[in-house]
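The values are calculated or read from the model by the stated rules, or taken from the named source; none is laboratory data. Computed from a predicted model, the values in this text were never measured in an experiment. So basically every Cβ, Gly included, is an ideal-geometry build from the backbone, and we count neighbours across all protein chains shown. Calculation scope for accessible area: heavy atoms of the full protein, side chains included, ligands and nucleic acids excluded. Shrake-Rupley method; radii C 1.70, N 1.55, O 1.52, S 1.80 Å.
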Amino acid sequence: MNLVVRAEHQSLWLCFEPWANQHTLLPGTSVVVRFPDEVAVEVVHHHDGMTFFNVGPHPDLYAEDGTALEIYSEYMPPFPTHLPLDALKLVMDIIPPIRTEPDRLN
């Protein structure tokens, strides 16, 4: 599954859980987030951007023309599908992702 994400007038922060990786789109840019077809994905919108949650392989980032931007799946291990996710999501609700870049990169 491919998801095109665009940052229009302000930067957009993308967080990938449970790996806690992040990527920031600058205004006027876009990225294709590529998830494996067999993976279910949860997306949460928040003030800074979007958080994606999935188990299995880490999604990869491409430019709209297909150029590889960040191929996380080459060096990030797949998240085990057999672990109890309810406990993990509870921890993530208590300790939400924190953006490490400045609030605005405009």
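For the reader, a short list of remarks on this structure follows.
- Taking the range 1-33 as the range and being of a type outside the set (A, V, I, L, M) and either in a strand (DSSP E or B) or without any contact (Cβ under 8 Å) to a residue 12 or more places away in the chain (or both) as the test, the residues that pass are 2, 6, 13, 15, 16, 17, 21, 22, 23, 24, 29, 30.
- Hey, residue 33 among the hydrophobic types (A, V, I, L, M, F, W, C) and open to solvent by less than 70 Å² (accessible area, probe 1.4 Å) or not: yes
- Beta carbons closer than 8 Å, at least 6 apart along the sequence or on distinct chains, pair a first residue in the range 76-90 that is farther than 13 Å from residue 57 by Cα and in contact (Cβ under 8 Å) with a residue 40 or more places away in the chain with a second that is assigned to a loop (DSSP other than H, G, I, E, B) and open to solvent by less than 90 Å² (accessible area, probe 1.4 Å) for 88/18.
- The single condition from (1) open to solvent by 60 Å² or more (accessible area, probe 1.4 Å); (2) under 14 Å from the mean Cα position of the chain (by Cα) that residue 10 fails is (2).
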